[in-house]
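Take a look at the structure set out below.
Each value in this text was obtained by applying a stated rule to the coordinates, not by laboratory testing. Fair warning: this is a prediction, and the values are worked out from it, not measured in the lab. Neighbour counts are summed over all protein chains in view; Cβ atoms, including those assigned to glycine, are modelled from backbone coordinates with ideal geometry.
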Amino acid sequence: LERAGLVVRRPDPKDRRGKLIVLTEPGKRLVDETLSRHVANEERLLLSLTQAEQETLDKLLKKLIAGL
């Protein structure tokens, strides 16, 4: 990611031993584009489900996440 110019390493002001990984402007744009495509794809997939099925899916996914 660093070689691709998507992130840079910066010194951690709270811990001189550490580094912070920070998104560059191109990295931020890529995240925004990817997130937009992901949301559009998710919406497209959910169109095949009824409202009741979507609510059931939501409950089941929350239950799975709670078990992690």
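General observations
- Residues of the stretch 46-68 that turn out to be assigned to a helix (DSSP H, G or I) and either more than 18 Å from the chain's Cα centre (by Cα) or surrounded by 10 or more Cβ atoms within 10 Å (Cβ to Cβ) (or both), as a count: 16
- Per this entry, V31 is counted among residues that are surrounded by 11 or more Cβ atoms within 10 Å (Cβ to Cβ), out of contact with any helix residue (DSSP H, G or I) (no Cβ under 8 Å at 6 or more places or on another chain) and of a type outside the set (D, E).
- Residue match in the stretch 6-19 (condition: touching a helix residue (DSSP H, G or I) at 6+ places or on another chain (Cβ under 6 Å) and surrounded by 10 or more Cβ atoms within 10 Å (Cβ to Cβ)): yes
- Residues in the stretch 24-43 that are of a type in the set (G, A, S) and under 11 Å from the mean Cα position of the chain (by Cα): S36 alone.
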